[in-house]
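Enquirer: Here it is, the structure, as structure tokens.
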Amino acid sequence: MSPYALSMLMSSLAVGTIVTLSSHHWFLAWMGLEINTLAIIPLMTKMHHPRATESATKYFLTQATASALILFSTTINAWMTGEWTIMNMTNPTPTVILTLALAIKLGIAPFHLWLPDVLQGLNMLTCLILSTWQKLAPMALMMLTSHQLNTNLLIAMALMSTIIGGWGGLNQTQTRKIMAYSSITHLGWMILVISFAPSLALLNLLIYLVLTSSMFLMLMTLNSTNTNKLSISWLKTPTLAASMMVTLMALGGLPPTSGFLPKWLILQEMTKQHLGALSALMAMSALLSLFFYIRLSYTISLTSPPNISNSSLTWRKKKNLTYVIPILIIMSATMMPITPTLLLLN
């Protein structure tokens, strides 16, 4: 792809998200979401492969459906209240439609089926953008309207997302599909607490962005698209393989890594809301996703191929991500000490 075209598409992605984040009118927010969708589709199809075309088609159809539902719900709300303001979603019918539309856009269960298939047909860079940057605008809209959304519906979708995300990733060998199910699980944790403490949902989103970005950048550096390729990563770059193991533990939520911090605070908030049974179910569902993270860690660190690998040393060829990955890895592993500060802010 031409550098000019690529810079234009990346600028459009940034503009679309910024328009949605800075708008207080539903039509402007909808325009930002549309710019986002239309800007990423050429990035998806730049591989000129049938799988990439299929992924772009699936993504376009699901996002178009979600955008139509958002426009439909906001039009009904404007008809009932006379206002297009984002913060004024008082009627239950448009609020439920809006919740479902944003769930489709984010890939939250039970509207998650498009996400693993779409990611599987894309290259790692586009998967990174789709799993991180494209979540910002819909999640911002969900946070802005969190005090008016249906709490029971959000809790049901959150529990379903964590269970399906953990269960779906158990039998996967493709790293992109594993990261897709990981994304579904983390989004479930975010929308669980978004009605009770939006600040915790924002913290979870920020840590999710750091962990997912570091994981995808390491997979890009190692050129690992499945678990068989991960098993020879120790021979290529031992340091990066060890760092990936730490990042996987952080994604699973094991202490003392950064991934434990949001889960701990969310479960604490749920028990304060007298939702002990729900907290127990969420904690047990986290074990499902922890299992495939540990399986990946085992593949990276404790297995080796039966013969000596003839692959080239990737760390000598790719130096464009040399300074970004260590910073993200350090943030993935060392954000637990800020917990007392966050508890004081809450």
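The values are calculated or read from the model by the stated rules, or taken from the named source; none is laboratory data. Please read all numbers here as calculations on a predicted model, not as lab measurements. FYI the Cβ positions are ideal-geometry reconstructions off the backbone, even for glycines, and counts take in every protein chain you see. Heads up: the accessible areas ignore ligands, DNA and RNA and are worked out on the full protein's heavy atoms, side chains in. Shrake-Rupley method; radii C 1.70, N 1.55, O 1.52, S 1.80 Å.
Enquirer: Can you give me the number of residues within region 42-82 that are open to solvent by 70 Å² or more (accessible area, probe 1.4 Å) and under 11 Å from A101 (Cα atoms)?
Expert: So the count comes out to 2.
Enquirer: Continuing with this model, one more query. Just wondering, is there one or more residues in region 85-101 that are open to solvent by 20 Å² or more (accessible area, probe 1.4 Å), of a type outside the set (V, I, T), without any contact (Cβ under 8 Å) to a residue 12 or more places away in the chain and farther than 23 Å from L21 by Cα?
Expert: No: region 85-101 contains no residue that is open to solvent by 20 Å² or more (accessible area, probe 1.4 Å), of a type outside the set (V, I, T), without any contact (Cβ under 8 Å) to a residue 12 or more places away in the chain and farther than 23 Å from L21 by Cα.
Enquirer: F292: assigned by the TED database to the domain that holds R176 and closer than 17 Å to G169 by Cα, yes or no?
Expert: So F292 fits the description; yes.
Enquirer: Any residue in region 165-176 that is of a type in the set (A, V, I, L, M, F, W, C) and either at pLDDT below 90 or not in a helix (DSSP H, G or I) (or both)?
Expert: Yes: one or more hits.
Enquirer: For region 291-298, indicate whether the set of residues that are of a type in the set (S, T, Y), out of contact with any helix residue (DSSP H, G or I) (no Cβ under 6 Å at 6 or more places or on another chain) and modelled with pLDDT under 85 is non-empty.
Expert: No - not one qualifying residue is present in region 291-298.
Enquirer: Given the residues T247, T225, T212, T175, which is the only one that is open to solvent by less than 20 Å² (accessible area, probe 1.4 Å) and over 22 Å from M336 (Cα atoms)?
Expert: Sole residue among the options that is open to solvent by less than 20 Å² (accessible area, probe 1.4 Å) and over 22 Å from M336 (Cα atoms): T175.
Enquirer: Would you please list the contacts, defined by Cβ atoms under 8 Å and residues six or more apart or on different chains, that run from a residue in region 29-58 that is among the basic types (K, R) to a residue that is not in a helix (DSSP H, G or I)?
Expert: Pairs found: K46/M1; R51/G121.
Enquirer: Of all residues in region 137-152 being among the aliphatic types (A, V, I, L, M) and under 14 Å from I108 (Cα atoms), which is surrounded by the fewest Cβ atoms within 10 Å (Cβ to Cβ)?
Expert: M139
Enquirer: What is the number of the single condition among (1) within 30 Å of N223 (Cβ to Cβ); (2) modelled with pLDDT of 80 or more that Q268 does not meet?
Expert: Every listed condition holds for Q268 apart from (1).
Enquirer: Could you run through region 1-34 and say how many residues are open to solvent by 80 Å² or more (accessible area, probe 1.4 Å), under 14 Å from L136 (Cα atoms) and of a type in the set (A, V, I, L, M, F, W, C)?
Expert: 2
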